[in-house]
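As structure tokens, the structure follows; a few thoughts come after it.
The values are calculated or read from the model by the stated rules, or taken from the named source; none is laboratory data. For clarity, every value in this text was computed on a predicted model and none was experimentally measured. Here Cβ is always computed from backbone atoms with ideal geometry, including for glycine, and neighbour counts include all displayed protein chains.
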Amino acid sequence: MNKGVRRRGRELGLKLIYSLQDLEGEVAVLLDDFWGNFRFQDDVLGEPLDDLSESVPVEVRRFAEGLVRGVAEHCADLDAEISRFSTNWSIERMARVDLALLRMGSYELVHCLDVPTNVVINEAIELGKVYGTKETSAFINGILDRISRAHRPQP
């Protein structure tokens, strides 16, 4: 899978995971609603398209859905890890974008061992620069780095 597919998949995954934080229903319903109602241009920001006949490439969609399903399935454990390594910040106090990025990054660090640690953390930082505040990048970098040290062998 090439870099562009995963990057776009992570961006869409972030948007979906952000949405999941308020839903009390099935992930499948969220995914169906999302893919059924939104189409995005093939660019970094994912701007909505006017032409609904265009769609997200299958590989991008599959990768994004894998992230979303993984985060949803392991959310309680991921939140426990995030809480364990975030000092002075409870889950409830975290900005929604930051929490969505931390959940997605933590899921990849703990459950997707084929993705290099630096890639997971760098991708989360880059998405944080686009969607978060100016503090987001440093905040998620610190927590994801601690999670990676606890779950992945260090060279």
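Miscellaneous remarks
- Take the conditions (1) surrounded by 13 or more Cβ atoms within 10 Å (Cβ to Cβ); (2) out of contact with any Ser or Thr (no Cβ under 7 Å at 6 or more places or on another chain); (3) part of a helix (DSSP H, G or I); A76 misses just one of them, which is (1).
To keep it simple, each residue is scored yes or no on (1) part of a loop (DSSP other than H, G, I, E, B); (2) modelled with pLDDT under 95; (3) over 20 Å from T136 (Cβ atoms).
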site: V5; (1), (2), (3): no, yes, yes
site: K15; (1), (2), (3): no, yes, no
site: D22; (1), (2), (3): yes, yes, no
site: G25; (1), (2), (3): yes, yes, yes
site: V29; (1), (2), (3): no, yes, yes
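- Search result, residues across segment 70-99 that are of a type in the set (D, E, K, R), closer than 15 Å to K15 by Cα and modelled with pLDDT under 95: R96
- So W35, is it under 20 Å from A124 (Cβ atoms), modelled with pLDDT under 95 and either not in a helix (DSSP H, G or I) or not polar (S, T, N, Q) (or both): no
- Candidate set: segment 105-119, residues that are of a type outside the set (S, T, Y) and buried (at least 23 other Cβ atoms within 10 Å of the Cβ); chosen: the one nearest to the chain's Cα centre (by Cα): G105
- Evaluated against (1) modelled with pLDDT of 95 or more; (2) more than 15 Å from the chain's Cα centre (by Cα), L102 falls short on exactly one condition, (2).
- The residue of segment 95-137 that is nearest to A76 (Cα to Cα), among those that are touching an Asp or Glu at 6+ places or on another chain (Cβ under 9 Å), outside any loop (DSSP other than H, G, I, E, B) and of a type in the set (V, I, T), is V110.
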